[in-house]
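A short worksheet on the structure shown next.
The values are calculated or read from the model by the stated rules, or taken from the named source; none is laboratory data. Everything numeric here is computed off the predicted structure, so don't read it as measured data. In this analysis, Cβ positions are derived from the backbone assuming ideal geometry, glycine residues included, and neighbour counts consider all displayed protein chains.
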């Protein structure tokens, strides 16, 4: 089981592309939401490291992974839509080297297949 003290890469909306990485205390609502991934709410880390968009955009390479039909709309908004803080992954449209790896369900609609 992962260490309990800190989690990484949780979904915290970016206010801007210049937002830096930071530590934050996870809200109690995260404990119930994440309990199934950590073997119970008591095992969910109380602190998190949020990777800032500034660091992601400055990286040599970025890998975006998505799986499943429930991700289809957000993947399309991130890669094809407007660049906006409401879809933080959309900032990756301006990054140097981004590779998106998505399964068919996350990209294609039934009409595309």
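Points to keep in mind about this one:
- Yes/no for residue 13 being modelled with pLDDT under 90, more than 13 Å from the chain's Cα centre (by Cα) and not assigned by TED's automatic domain parsing to the domain that holds residue 109: no
- Of all residues making up the stretch 83-92, the number that are in contact with a helix residue (DSSP H, G or I) (Cβ under 7 Å, 6 or more places away or on another chain) and farther than 10 Å from residue 53 by Cα: 4
- Candidate set from the stretch 41-61 (those that are surrounded by fewer than 16 Cβ atoms within 10 Å (Cβ to Cβ) and in contact with a strand residue (DSSP E or B) (Cβ under 6 Å, 6 or more places away or on another chain)); member that is nearest to residue 88 (Cα to Cα): 49
- The stretch 41-75: number of residues that are under 26 Å from residue 96 (Cβ atoms), at pLDDT below 85 and outside any helix (DSSP H, G or I): 4
- Matching residues in the stretch 27-40 - criterion: being in contact with a helix residue (DSSP H, G or I) (Cβ under 8 Å, 6 or more places away or on another chain) and surrounded by fewer than 12 Cβ atoms within 10 Å (Cβ to Cβ): 32
- Evaluation of residue 78 against (1) touching a strand residue (DSSP E or B) at 6+ places or on another chain (Cβ under 8 Å); (2) assigned to a loop (DSSP other than H, G, I, E, B) (one fails), failing number: (2)
- Filter pass, residue 97 being in contact (Cβ under 8 Å) with a residue 24 or more places away in the chain and closer than 21 Å to residue 59 by Cβ: yes
- Test: residue in the stretch 28-40 that is at pLDDT 90 or above and touching a strand residue (DSSP E or B) at 6+ places or on another chain (Cβ under 9 Å): no
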